[in-house]
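Have a look at the structure below before the remarks.
The values are calculated or read from the model by the stated rules, or taken from the named source; none is laboratory data. It should be emphasised that the depicted structure is a prediction, and the values quoted were computed from it without experimental measurement. Counting neighbours? That spans all protein chains shown, and the Cβs are built from the backbone with ideal geometry, glycine included.
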Amino acid sequence: MGVPAFWVSWLVFLWVILPVVNARRAEQTSLIFGSPLHGVATDAGIHLESEYGSSSLPWGVFFRFKMTDALVVLYQSSRTMNVFPRSFFGSDEDWRIFRAWVTERVPARPSKRRATAERGGLGVSA
């Protein structure tokens, strides 16, 4: 393997394989995935409930996604993600619709860095 082939292989590992491996590791180690988790995806976004709490996330909070046949990873930031395995969905049709919504509403690659003000900043509101 020559030097260029090594770098191409390394980039494929970093950009394709590593995010999927990290998402699967997160799924395996998260307490939320170990407890009953219920949710619904709608035109407005995703609502999740577990014994630990609930969360409603509009599609706009996700700035990119990664998708395989068995897994969808939605990124809120470069280090914050929501992992949705195929097993989370009750039917193949639900999985297909969810994947279509993700593809339509979340960019596969962010076009540019979003401004802090666009994300709501770091302030806390009372």
Unmet criterion (only one of (1) farther than 29 Å from residue 15 by Cβ; (2) at pLDDT 95 or above) for residue 58: (1)
Which listed residue is in a helix (DSSP H, G or I), exposed (fewer than 14 other Cβ atoms within 10 Å of the Cβ), out of contact with any helix residue (DSSP H, G or I) (no Cβ under 9 Å at 6 or more places or on another chain) and modelled with pLDDT under 95, from 20, 16: 16
Per-region count, region 1-13, residues exposed (fewer than 10 other Cβ atoms within 10 Å of the Cβ) and either part of a helix (DSSP H, G or I) or among the charged types (D, E, K, R) (or both): 3
Any pair with Cβ under 9 angstrom, 6 or more apart, that starts in region 8-37 at a residue that is over 12 Å from residue 71 (Cα atoms) and ends at one that is of a type in the set (A, V, I, L, M, F, W, C) and surrounded by fewer than 11 Cβ atoms within 10 Å (Cβ to Cβ): 9/1
Pairs, first modelled with pLDDT under 90 in region 68-83, second of a type in the set (Asp, Glu), C-beta under 8 Å, six or more apart: 83/27
